[in-house]
Amino acid sequence: DGYNPASVAIPVARGGGVTATVTVPRGGLVAGRSAWMSLGEGNVGRLALLDPAAMHVTLGENAVEVGKGSRGTALEALREVLDDAAQYARRRADFEANRTRRFAASRLDLEALVPVVQGRLPLAVTVNRAADIVALLRLASDLRLRVIVIGGAEAWQVAPELARARVPVVLNPTL
């Protein structure tokens with residue numbers, strides 16, 4: 001009766017020293033958008049500090065099911081959907097009039113990816129292997145994307161390339 005889990009969880013988190021959180025979707029090649037939220041005092045209904053914060057993608061060994069067993073195929077599927085989103089952004093009227101080829105994603109998914117391909121929203125990519133990180137850097141350069149590496153277990157092996165590309169890395173503290 002009127003129970004709101006957020007009204008209970010937020011004071012507990014604040015009491016433990018946690019003042020902000022990022023909610024991150026999971027699943028599939030392109031999981032969705034994250035939001036950065038404050039756990040500070042105030043109205044529980046106004047938690048978002050940055051919404052959306054980033055679009056989240058999984059590559060490497062965690063994307064094998066998307067790539068039908070191949071990390072490379074998952075990367076190509078990502079390239080295809082991002083290329084389609086860029087074309088959709090340029091040719092919306094043609095898309096609505098059914099004068100484009102069939103795209104790899106739905107209209108709503110393409111709409112969600114438009115800020116990514118236009119450089120307004122970063123692409124946060126969960127990826128660990130050095131070879132997959134290098135492939136991501138090539139994709140980001142080709143498509144002029146803002147990317148963030150999430151996980152990055154082997155990021156240290158390609159640190160100079162990451163620094164040259166000015167790509168931030170969010171490390172998993174348990175690795």
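The values are calculated or read from the model by the stated rules, or taken from the named source; none is laboratory data. Source: prediction; values computed, not measured. We place every Cβ from the backbone using ideal geometry, glycine too, and count neighbours over all the protein chains shown. When the accessible area is computed, the model is the full protein with side chains, heavy atoms only, and any ligands, DNA or RNA have been set aside. Shrake-Rupley method; radii C 1.70, N 1.55, O 1.52, S 1.80 Å.
Filtering region 35-45 for residues that are under 30 Å from Ser106 (Cα atoms), surrounded by fewer than 16 Cβ atoms within 10 Å (Cβ to Cβ) and either acidic (Asp, Glu) or at pLDDT below 80 (or both) leaves an empty set.
Considering Glu154, Glu80, Glu96, which residue is within 22 Å of Gly28 (Cβ to Cβ) and free of Cβ contacts under 8 Å to residues at least 40 places away in the same chain? Can you show your working first?
On the way: Glu154 fails: within 22 Å of Gly28 (Cβ to Cβ); Glu96 fails: within 22 Å of Gly28 (Cβ to Cβ).
After applying the criteria, what remains is Glu80.
Checked against (1) closer than 12 Å to Leu59 by Cα; (2) in contact with an Asp or Glu (Cβ under 9 Å, 6 or more places away or on another chain); (3) in contact (Cβ under 8 Å) with a residue 24 or more places away in the chain, Ala131 meets all criteria but (3).
Going by the conditions given, is Arg120 surrounded by 16 or more Cβ atoms within 10 Å (Cβ to Cβ), of a type outside the set (Asp, Glu) and either in contact (Cβ under 8 Å) with a residue 40 or more places away in the chain or closer than 26 Å to Thr21 by Cβ (or both)? The answer is no for Arg120. Consider Phe95 carefully, then state whether it is open to solvent by 30 Å² or more (accessible area, probe 1.4 Å), aromatic (Phe, Trp, Tyr) and modelled with pLDDT under 90. The answer is yes for Phe95. Checking region 145-155 against the condition returns a match, with at least one residue being assigned to a helix (DSSP H, G or I) and over 20 Å from Gly119 (Cα atoms). Can you pull out every residue in region 123-139 that is closer than 19 Å to Ala31 by Cβ and either of a type in the set (Val, Ile, Thr) or open to solvent by less than 10 Å² (accessible area, probe 1.4 Å) (or both)? Those that are closer than 19 Å to Ala31 by Cβ and either of a type in the set (Val, Ile, Thr) or open to solvent by less than 10 Å² (accessible area, probe 1.4 Å) (or both): Leu123, Ala124, Val125, Thr126, Val127, Ile133, Leu136, Leu139. Considering region 46-69, and only residues there that are modelled with pLDDT under 75 and in a loop (DSSP other than H, G, I, E, B), the residue that is least open to solvent (accessible area, probe 1.4 Å) turns out to be Gly67. Which residues, taken from region 159-175, are surrounded by fewer than 18 Cβ atoms within 10 Å (Cβ to Cβ) and assigned to a loop (DSSP other than H, G, I, E, B)? The answer is Arg166, Pro168, Asn172, Pro173, Thr174, Leu175. Considering only residues in region 101-116 that are open to solvent by less than 30 Å² (accessible area, probe 1.4 Å) and more than 14 Å from Ser34 (Cβ to Cβ), the one that is farthest from the chain's Cα centre (by Cα) turns out to be Phe103. Scanning region 140-158 for residues that are on the phi < 0 side of the Ramachandran plot and open to solvent by less than 70 Å² (accessible area, probe 1.4 Å) yields Ala140, Leu143, Leu145, Val147, Ile148, Val149, Ile150, Ala153, Glu154, Ala155, Val158.
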